[in-house]
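The values are calculated or read from the model by the stated rules, or taken from the named source; none is laboratory data. Here the structure is a predicted model, which is why all the values come from computation and not from measurement. All Cβ positions, glycine included, derive from the backbone under ideal geometry; neighbour counts span all protein chains shown. Each accessible area value is taken on the protein alone, full model and side chains, heavy atoms only, with ligands, DNA and RNA left out. Shrake-Rupley method; radii C 1.70, N 1.55, O 1.52, S 1.80 Å.
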Amino acid sequence: LRLLHYPPTLHQQPQKQEGQQRRQQQQLGCGAHTDYGLFTILSQDDIGGLQILNGGGEWIKATPIPGSFVINVGDMMNRWTNGLYSSTIHRVVTNTSRKDRYSIPFFFNPDVDAVVEPLDSCCSLSSSSKKYKTETAGEILLSRYKGTFSQVKK
């Protein structure tokens, strides 16, 4: 469980605003990614900012709906289903409101010793052989952490 804070961007003088808006459109609060685990349950505030990459390659807004949660399929669910359920590619755009933005994701992961491999039933449904090698959840998470935080020295 995390509490994520996206502060508002600082607004400049009106004559500089056009250039600032162009820069803000190029910035992201969090770049495009998939979640590592099985799935994520996300509680958003009313400001919004989450975008999902749809099947047509377009970014669409995940407009907050009061009293609801966003469920993102993670990489391990993608592996277990042999790609029948794809990891949700998502990003967070720059907070251009004048208010602080918060979101609370709960990352659900299997035990570190859980074996993650494509299920036979999912391979049959997709009419394809296993697309992913067998690994434990811990190995998958460690690999993703190392890739994400490769700049950190031991």
Qualifying aspartates and glutamates (Cα of each under 20 Å from Cα of Lys133; at least 8 residues distant if same chain): Asp35, Asp75, Asp111, Asp113, Glu117, Asp120
Computed for the stretch 16-148: size of charge dipole around the Cα centre, +1 on C-beta of each Lys and Arg, -1 on C-beta of each Asp and Glu, debye to nearest 20, value 660
Spin-label point model (7 Å from Cα, Cβ direction): what's the Leu3 to Asp120 distance in nm? 4.8
Per residue, in Å², the accessible surface of the chain once ligands and nucleic acids are set aside, probe 1.4 Å: 66
Please give every one of the aspartates and glutamates within straight-line cross-link reach of Lys99, meaning a C-alpha to C-alpha distance under 13 Å, and leave out same-chain neighbours fewer than 8 residues apart. Asp45, Asp46
Give a residue-ordered list of calculated ³J(HN,Hα) values for the stretch 44-49 (Karplus: 6.51 cos²θ - 1.76 cosθ + 1.60, θ = phi - 60°; whole Hz; x for Gly, Pro). 9, 7, 7, 7, x, x
How many nm is it between the label spots at Asp111 and His33, if each spot is 7 Å from the Cα in line with the beta carbon? 2.7
What are the trypsin sites (Lys or Arg not before Pro) within the stretch 75-129 that DSSP puts in a loop, where the Cβ has at most 14 other Cβ atoms within 10 Å? Arg98, Lys99
Compare Gly31, Gly57, Gly83 in a GNM of the chain, Cα atoms joined below 10 Å, and give the one with the largest fluctuation. Gly57
Pull out the extension gain between Thr63 and Ser150, defined as 0.36 nm times the separation in residues minus the alpha carbon to alpha carbon distance; nm, one decimal. 28.0 nm
Short version: ³J(HN,Hα) in whole Hz for each residue of the stretch 75-86, in order, from phi by Karplus 6.51 cos²θ - 1.76 cosθ + 1.60 (θ = phi - 60°), x for Gly and Pro, what are they? 4, 6, 5, 4, 5, 4, 8, 6, x, 4, 10, 7
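Using a 1.4 Å probe on the protein chains only, how many percent of the accessible area of the stretch 45-154 belongs to carbon and sulfur?
Carbon-and-sulfur percentage of accessible area, whole number: 57.
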